[in-house]
Amino acid sequence: SKVLSTFMAVMLGIFWLGMFTQRATTRSTMIGAVAGASVAWFLGFYEPLALGALWVAPAGLIVTLFLGFVLGTNKPSEAARRWNWFAIVRTELVE
């Protein structure tokens, strides 16, 4: 359960960064993912700080989202502006 929580939370964080933000870049997302997996593993398996399996996933998700967003760019590319959830939902459907 701890192993799955470690990696599934990081994958969810990568997905959310890609879908819902324009700031996230490949580099910031990868840094966030590595840091999120490291924090989740550390909190789940390092004996003095070992938390229950329930808290491993939220810790990894929060670190992934925070670092991916904060380390991202202030000037998103045109593709980032066009291909996120909010831009797609606002697009007129043409029949």
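The values are calculated or read from the model by the stated rules, or taken from the named source; none is laboratory data. Remember, predicted model here, so these are calculated numbers, not experimental data. Ideal geometry is used to build each Cβ from the backbone, glycine not excepted, and the neighbour counts take in all protein chains shown. All accessible areas refer to the heavy atoms of the entire protein, side chains included, with ligands and DNA or RNA removed. Shrake-Rupley method; radii C 1.70, N 1.55, O 1.52, S 1.80 Å.
Computed quantities for the displayed model
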read-out: Cα convex hull volume per residue for segment 31-85 (Å³); value: 79 Å³
read-out: Computed E for F66/E95 - FRET, C-beta separation, R0 35 angstrom, nearest 0.05; value: 0.25
read-out: Helix 53-70 vs. the chain, principal-axis angle (Cα, 0 to 90°, nearest 10); value: 40 degrees
read-out: Quarter of the Cα convex hull surface for the chain, i.e. its orientation-mean projected area (nm²); value: 7.1 nm²
read-out: Gain on full stretching of the segment that runs from I88 to E47 - 0.36 nm per residue minus C-alpha separation; value: 10.2 nm
read-out: Neighbourhood charge, 12 Å Cβ-Cβ cut-off, centred on L71 and excluding it, Lys, Arg +1 and Asp, Glu -1; value: +2
read-out: Helix-only CD estimate at 222 nm, as mean residue ellipticity for the chain, using -39500 (n - 2.57) per DSSP H run (n ≥ 4); value: -23000 deg cm²/dmol
read-out: FRET efficiency, 1/(1 + (r/R0)^6) with R0 30 Å, evaluated for R27 and S1 via beta carbons; value: 0.45
read-out: Mean Cα-pair separation over length for the chain, i.e. relative contact order, pairs under 8 Å, 6 or more apart, %; value: 39 percent
read-out: Portion, in percent, of the accessible area of the chain that falls on carbon or sulfur, probe 1.4 Å; value: 71 percent
read-out: Surface accessible to a 1.4 Å probe, per residue, for the residues of the chain, Å²; value: 70 Å²
